[in-house]
1. About the Cα centre, and with charges only on the beta carbon of Lys, Arg (+1) and Asp, Glu (-1), how big is the dipole of the chain? Nearest 20 debye, please.
2. Counting other beta carbons within 10 Å of each residue's own, what order do 146, 158 fall into, fewest first?
3. Run through the DSSP bridge list for the chain and note the antiparallel percent, rounded to the nearest 5.
4. Using θ = phi - 60° and the Karplus relation 6.51 cos²θ - 1.76 cosθ + 1.60, list the HN-Hα couplings for the range 124-134 in order, rounded to whole Hz, with x at every Gly or Pro.
5. Could you tell me which of rounded, prolate or oblate describes the range 75-161, using a ≥ b ≥ c as the square roots of the eigenvalues of the alpha-carbon gyration tensor, with rounded for a/c under 1.5 and, failing that, prolate when a/b is larger than b/c and oblate otherwise?
6. Dipole of the chain (Lys/Arg Cβ +1, Asp/Glu Cβ -1, origin at the Cα centre): which of 85, 141, 118 lies farthest to the positive side?
7. So how do 126, 52 line up by other beta-carbon neighbours within 10 Å, fewest first?
8. Could you work out which residue, out of 137, 102, 114, moves most in a Gaussian network model of the chain, that is, has the largest mean-square fluctuation with Cα springs under 10 Å?
Amino acid sequence: MNVLTSPMEKIGAFLNLIRPSFVQTGSLCWRAGPEGPEVLLVKTLRRGHWIIPKGWPMARKTLAEAAAIEAWEEAGVIGTVAAEPIGAFTYTKIKKSGLPVQCRPQVYLLAVAQTEDVYPESGKRIRKWFALSEASQAVQNTGLKTLLASPHLGKALTPAK
């Protein structure tokens, strides 16, 4: 049974009934840490929640390419992005007009090769590396929490021996 835990999730469920979600793209940025895979989360600009870098599709770019651009703009990372998404989650975005819209980012793995201190949103964003097990506890969005806690993700980020 899926329990809606926040007012935003309840609004989102209602919006899904009346119109489809807007497609977005997102990067699950990761690296090998000393104790296993680590993922990079950034804080949202308005409410300060931990989330992955995400944004809107871009003209003449695949969703994977746009995800890599969002990772650079919001988190200052460069790396290799997977061609296929590993999953998706839904969230409710409140537009500047106050109108709530449902968004569904397709999530792409991005193996981080380089991290920069100066990037387009470095003055606006806080970023932090989390152990994979801690990342699912840090995020508030139920769908993203489920994706981060998935055994499938842990296997995708663990090299074969």
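Since every read-out is calculated from the coordinates, none of them should be taken as a lab result. Note that this is a predicted model, so its numbers are computed, not measured. In this analysis, Cβ positions are derived from the backbone assuming ideal geometry, glycine residues included, and neighbour counts consider all displayed protein chains.
1. For this selection, approximately 580 debye.
2. 158, 146
3. Close to 70 percent.
4. Couplings: 10, 10, 10, 10, 7, 7, 10, 4, 3, 5, 7 Hz.
5. Verdict is oblate for the range 75-161.
6. The listed residue farthest towards the positive side: 141.
7. 126, 52
8. Of 137, 102, 114, the most mobile in the Gaussian network model is 114.
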